[in-house]
1. Among DSSP beta bridges whose residues both lie in region A:2-216, state the antiparallel percentage, nearest 5.
2. With an 8 Å cut-off on Cα pairs and a minimum separation of 6 or more residues, tell me the relative contact order of region C:215-278 in percent.
3. I'd like the FRET efficiency for C:Ala476 and C:Lys422, computed as 1/(1 + (r/R0)^6) with the beta carbon distance as r and R0 of 30 Å, rounded to 0.05.
4. Which of the aspartates and glutamates could a cross-linker bridge to A:Lys135, judged by Cα under 18 Å and excluding same-chain residues fewer than eight apart?
5. Which three extents, in whole angstrom, do the alpha-carbon atoms of region C:311-380 cover along their principal axes, largest first?
6. Would you be so kind as to identify which of A:Thr244, B:Met163, B:Gly67 lies farthest towards the positive end of the dipole of the protein assembly as shown, taking Lys and Arg as +1 and Asp and Glu as -1 on Cβ and the Cα centre as origin?
7. What FRET efficiency comes out for the pair C:Lys241/C:Thr370, r = Cβ-Cβ distance, R0 = 41 Å, nearest 0.05?
8. Semi-axes of region A:2-216's equivalent ellipsoid from the Cα gyration tensor, sqrt of 5 times each eigenvalue, largest first, rounded to whole Å?
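FYI, it's all coordinate maths here, none of it is from the lab. Quick caveat, the model's predicted, so the values are computed rather than measured. FYI the Cβ positions are ideal-geometry reconstructions off the backbone, even for glycines, and counts take in every protein chain you see.
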Amino acid sequence: MKVLVMVKRVTDPNVTIRPNTDSSDVDLNNVKMAMNPFCEIATEEAVRLKEAGIASEIIVMTIGEKQSQEQLRTALAMGADRGILIETDATLEPLNIAKLAAKVVEQEQIDLVLLGKQSSDKDNNQTGQMLAAIKDWGQATFASKLDIKDDKVTVTREVDTGLQVIGLNLPAVITCDLRLNTPRFASLPNIMKAKRKPLEIKPAADFAIDLTSRIKMLHAESPQVREAGEMVGSVKELIEKLKTVEGVL
Amino acid sequence: MTILIIAEHDNTNLKDMTLNTVTAALAIGGDIDLLIAGENCQSAASEAARISGINRVLVADNACYKGQLSENVSALIMSIAANYSHIMAPSTANGKNILPRVAAKLDVSVLSDIIAVESPDTFKRSIYAGNIIATLQSSDAIKVITVRGTAFSPADKNGSATMASLEQVHDEALSMFIRDDTVVNERAELTSAKIVISGGRGMQNGENFSMLEQIADKVGAAVGATRAAVDAGFVPNDMQVGQTGKIVAPDLYVAVAISGAVQHLAGMKESKVIVAINKDPDAPIFQWADYGLIADLFDALPELEQAL
Amino acid sequence: MRESMEFDVVIVGAGPAGLSTACRLMQQSQQEERELSICVVEKGSEVGAHIFSGAVFETRALDELFPDWKKRGAPLTTPVTSDEIYLLKNAQKAQKLSNSLVPKTMHNDGNYIISVGNLCRWLAEQAEAMGVEIFPGFPAAEILYGDDGEVKGVITGDMGIDAKGEQKSDYMPGMELHAKYTVFSEGCRGHLGKQLIKKYDLDSESDTQHYGIGIKELWDIEPGKHKPGLVIHGAGWPLNKDTSGGSFLYHADNNQVMVGIVIDLSYSNPFISPFDEFQRMKHHPLFKSTLEGGTRVSYGARAIAKGGLNSLPRMHFPGGLLIGCDAGTLNFAKIKGTHTAMKSGMLAAECIFSALISPTPVSNELTSFTENFTNSWLYEELHQTRNFGPAMHKFGTLLGGAFNYLDQNWFKGKLPFTLHDKKPDHAQLKPASSCKVIEYPKPDNSISFDKLSSVFISNTNHAEDQPCHLKLHSHAVPLEKNLALFAGPEARFCPAGVYEFVEDPQNDQKQLQINAQNCLHCKTCDIKDPTQNITWQVPEGLGGPNYPNM
């Protein structure tokens, strides 16, 4: 079974992001970048499938600027077999990401796509669902457990009311949630080996897909700082305010 | 403009987030249809018909919509999508699971988790873990949108919409529902509770957190804690609210004996109403609170419990 | 049994010194067509994440290392255009010093205002392009010794250990990195450098090292106030006459300024809080006029080794070299350490390379380094300014400043005597009972801020469940000595709020709470703790601040 893992280069979740000076976008000048944490989980799951003898090959792909190779190398160091970078300096929307990924899925004859449920920068939570739609495959989002037998996969999903268990026919797209696994650290020898694993770079333009953005960012701002409210003199007064003025009790 | 809202429900009852989504749709303007897809969902449908501002309730009642399987519900939506300028859903696990699939089929983008409507094509959403509010304009013919419930007030329920049923069944046979393992929580979940009461290191020990729990149980609140309280070993790590813990945005957040470290504020500053109870009048939390009470927790908490 | 890997050279720390070593080694390797395997380990999550410096940068070493640095796109974009020094008389008044009264070392013609973090990111690119293996997120946790007591490499830190010391599900043991030569370039008060100095008695012939703490913020200011290339240095207020140090404000590019303070850690009043001194300093009209209306972007702190030549330990030992600020090559008279650190790295590389290609067997101790060093401009520069720091300590800021003016401008540092300063900084604190309590003003949240909101914008993080990396040798000492005698100075000298004395409700007594997650890796606690009870160790890899553009 050939598994495709999609990973994304994002700003490090520990770094606080600010708008740029003219508030037209965010300021990413020399901000530390990292692999999206949910993508690490997807990579780990793929590696475990290979270790369990279920996956035969793990291809990791990303779409983005040249430096996104760093994140592919991280995935290769964790255990993926080879990498594909679709290079573009443009920030693509999930729809266009999904269209490019669908091409890779076809070219590589992929049986299962694993990716994070969302990225920690834009929090869109769309790409996996869109890829499944384009391919007309089944999808399981928010996966916290996978069980693959023959051409069927049973997935436990984290939903608002608890857990939902569904079955899918392969090929399928699965997006990974936090509790699916704890990703391993890449070891030094594996990081060095990863530098020699095959990594193919393809310009996005070669795919002959219209990658025009549908959504335009008009403005980026910091959230409003809360103003200090009023001091109350007693518990009684507090409850009164919460009941009558705010209506939250 | 005509707007389609995908309702969130459990077949028996309508979920409140649907009402917030209706308010967002009303801000866009135009006729609003509401879709209820499920199995034996007539009861939820009748409830939906009472939402003020709704034109029609469309009901698709079939076993293949059990568990809101994305493949089937998306196909159902696709069968009517061309009639609408906007397709919206609350940003719940279902909404997020279904709408991007619909959008890709329509060859349009999705605006996820919007927090404000600026105009029929311009919306605000929060990105980079809440550090940036982006204003975004969509050029797509059909706008597909998920809505953050806490950012909009709920619509009233004194309307009477007409009901129509969608008979054609869309079973894609790509996936199947196996079962729901609904988690029964004794106490509300931190991230979904309407009220959260949190304690800081000023609680002094783990036992004192029971005072918070008693109040929480009276009002159906969840109990949280600061990193300092977790580090001090008072409570387990999964109760931590903050940048490295859980991010919460309840209607009411009560911070007891919490100084107000930025790390903690980052996890709760989106709450609608923030109350701070602290004996230190200089505690930074008072700069962030809508209501502040300078009091010792051993006086204030028993009084609060009595009064509720 | 740990896994191991072999290299020709292992370098600890991807700062200016370590990266210059790596680059110079590879340049020689290419010239002589002799293949080399070089590995650089770095505790920060990326190169530059932990780099923290002023900085006004002198290009002398960079000119030698990469004469074509402009073409290679080195991040030096803001030349110093003017240079002003003020004496701050009180909270309101400042007097500008006429240029002729300023020690020559403080002039900055031809220098650049840079982010040393970005310089390191660029140096790392040059090194990697030449084939150096750089591993960010892998701290060197321990020194590996051979049978004859020589250094034979380092062990990287274990990952995935919980707070109790148990292995977690993602446990990954550290690795042994073996090298013919190991270069330690951890920066000021490196935790391994400290062990090396002790083990090999490297400081037997030098004075004790002296330190300062530097605290800096990066601000976006109103474009109308921005004067790219303007360098301002201040002395005097808010520091009193017993506390030496100085303030700075550099106008970088992109409407940003760097504002900061350096305070000598030889201060004696335990109530001094460097963080609060800095916060109130910004309210002086000299700084406030620039900062007002702007936004604070980032915050950080780092100790600096400022003892100069007198305090410089022997830099060679069997199996390796100790270079840059890890040894103490900073030129305090210029308040610059980047070019000197780089030069020390280049000298190290030249020494190591000739040993590696030597046709005859050579000793594993590179004694030739001392000769190379003594014959270099680095030594000459440090020798000229050797009296600067001790004069400040001995005579105070005013008289010391006068001495330095004469020494540097009239005698060019060639006065035939050397001032020595032998008392370590941690021994300088006086009992709290004999000192004046200092009441610092509250932050106004527009110019000045509290510690925790400052740490927040340093983007500091450490994995939650891991052993505390700040080791207390005795758990009784913080209360019995530090608190009882010195009123708990660690709560004040730590610029990140790591140390807190809190009430223990069980017995109404105070206890020391260590918030290790806040740690900025500045090393001040390891230096200034009056009882030397705190040892700074490396936390799990990737932990610490994530400084952008600092």
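1. Numbers: 18 of 47 bridges.
Percentage antiparallel, nearest 5: 40.
2. Relative contact order for region C:215-278 comes out at 38 percent.
3. Computed FRET efficiency for C:Ala476 and C:Lys422: 0.50.
4. A:Glu93, A:Glu106, A:Glu108, A:Asp111, A:Asp151, A:Asp210, B:Glu71, B:Asp107, B:Asp171, B:Glu172
5. Taking max minus min along each principal axis of the Cα atoms, region C:311-380 gives 42, 18, 16 Å.
6. A:Thr244
7. Numbers: r = 38 Å, r/R0 = 0.94.
In this case the efficiency is close to 0.60.
8. So the three semi-axes of region A:2-216 are 25, 20, 18 Å.
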